[in-house]
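Worksheet for the structure shown next.
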């Protein structure tokens, strides 16, 4: 019976009194966590939810998310994690796209939740941590997890929708369980003695699998931060003795910016830091490791790959700037537009095959067939390369490639150079329409607090370090770069100012 919730049942049997979830002063042991999840399953069943029904989760990073999520798993229903900041029309789309029958939402987002749910006749449970506890207090716990197959869908995670409406990636009980198991056993080597930082959004696959599911699989403690703040993160690392920190590049940049305000001993408990979600600039990696005295291991994955696909394994050589080698049971390759593998060092599209690949896109057979070949290769949409040792590198997103006068320019390469400048805190490179060249190179830059630089200075800094066709002809300053819910920079939302206003 491979129901994902069995991992929680086993953890509760093995470590009943161990702290499973912590959010400041709110604490749940594994026995309490499992009992609450069983009561949530009873609540759902009482309200007419059946195995296979879809249930939305529109909750911040708090124990309530974890309890509701594992309650949904226990009943054999399907979770549809959603950003709590969605507006009502977006809630309507997510619930309507999956024909969801219900939605757990935080009272702070009641208007959007109720509006979107009402439009598709879905029931809403408005709960915070205390509210959920009250709602299930008098209910008996569902005695046994509903039997599921490895191939049964457990979660529908919507992609970011950079090209049209978001698509729902179907992740099965088997896929999620295997990815969490590989993450705990071979990638992070997490055990009951570990404390994992839960500052990645749980509604995103990185936080859900490598944070929540992995911690439960290992019997570790997951300490949650409802909303990421660099100072708060460092304080929690010190307070709770966090051993494993998982973040996206902007989190590392933010923590680095306040590093001087803390003694290095504040993060002495850390034994592993993991970066994913986007490429981590090498300069940020080096500066962070020097400031905090710990090693960052960079990995790679997508919603469609559950997410882990490759990793800089702790027991092998680490190559800064690389996303490592494929995880256990997974293959990766780099291909040209015709699907032929390219030579080492040559750029092409990364394809992935293995136990981590999604079942498909929810109710989108054509999109599924376009993304996954008949022999199981998933096309990532990412431009990458592989070296002679089998280590992979992300060059950029295929759709963010800039073509200037017929030459390919990969934004990440230019951003890496900008990050080397001592005044630069954040940088994003985009293509700007150009009459004769097709596209020109532009760079939006946020400076470090108290730092000073001129656009021409940064332009010349890059010009000295890259080919003539690659350096940004236009550089402008911003207070901060636009970011998505996971902290990833959203290049498509960056708009270049008129030349006269730079």
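Quote the FRET efficiency, to the nearest 0.05, computed for residue 318 versus residue 46 with a Förster distance R0 of 41 Å and r equal to the Cβ-Cβ distance. That pair, residue 318 with residue 46, gives E of 0.20. Treating r as the C-beta distance of residue 466 and residue 399 and R0 as 25 Å, the FRET efficiency rounds to 0.70. Look at where the Cα atoms of segment 335-353 and of segment 84-123 average out, and the two centres are 40 Å apart.
Computed log10 I(q)/I(0) for segment 401-501 at 0.14, 0.17, 0.20 Å⁻¹: -0.49, -0.73, -1.01, from the Debye equation with unit scatterers placed on every C-alpha and solvent omitted.
Exposure proxy shown here: for 493, 10, 349, the number of other Cβ atoms within 10 Å sets the order, fewest to most, as 493, 10, 349.
Between residue 135 and residue 268, the simple label model (points 7 Å from Cα in the Cβ direction) yields a spacing of 4.3 nm. Where in segment 355-379 does the label zone of residue 341 land, with the point 7 angstrom along Cα→C-beta and an amide N cut-off under 11 Å? Under 11 Å, as judged by backbone N against the label point of residue 341, lies no residue of segment 355-379. For the Cα trace of segment 14-54, dividing Rg by the Kirkwood Rh returns an Rg/Rh value of 1.13. Taking every alpha-carbon pair under 8 Å whose residues sit at least 6 apart, segment 401-501 reaches a relative contact order of 25 percent. Across segment 261-301, the relative contact order, built from alpha-carbon pairs under 8 Å that are at least six residues apart, equals 54 percent. Taking every alpha-carbon pair under 8 Å whose residues sit at least 6 apart, the chain reaches a relative contact order of 10 percent. Here the label points at residue 119 and residue 85, each 7 Å from Cα along the C-beta direction, are separated by 2.0 nm in the simple model. This ranking places 305, 217, 143, 159 by how few other beta-carbon atoms lie within 10 Å of each, fewest first, which gives 143, 159, 217, 305. Note on residue 287 and residue 423: the model spin-label points, each 7 Å out from Cα along the C-beta direction, lie 1.4 nm apart.
The Cα trace of the chain gives Rg and Dmax of 22.7, 71 Å, the first to one decimal, the second as a whole number. Taken over segment 224-371, the convex hull of the Cα atoms encloses 140 Å³ per residue.
When its C-alpha radius of gyration is set against 2.2 N^0.38 Å (N residues), segment 168-262 gives a value of 1.10. Ranked by how many other Cβ atoms sit within 10 Å of their own Cβ, fewest first, the residues 5, 436, 306 fall in the order 436, 5, 306. Across all Cα atoms of segment 338-462, the radius of gyration (one decimal) and Dmax (whole number) stand at 18.4, 55 Å. DSSP beta bridges confined to the chain are antiparallel in about 60 percent of cases.
Any idea how far the Cα center of segment 1-78 sits from the one of segment 272-288, in Å? Cα centroid of segment 1-78 versus Cα centroid of segment 272-288: 32 Å apart.
By the helix-only formula, in which each DSSP H run with n ≥ 4 contributes -39500 (n - 2.57) and the sum is divided by residues, the chain has a 222 nm mean residue ellipticity of -8000 deg cm²/dmol.
Projected onto planes of every orientation and averaged, the convex hull of the alpha-carbon atoms in segment 89-179 covers 7.9 nm².
Read-outs: derived from the displayed coordinates by stated rules, not from any lab. Predicted model only: the values in this text are computed from it and were never measured. Please note: Cβ atoms are built from the backbone with ideal geometry, for glycine as well, and neighbour counts cover all protein chains shown.
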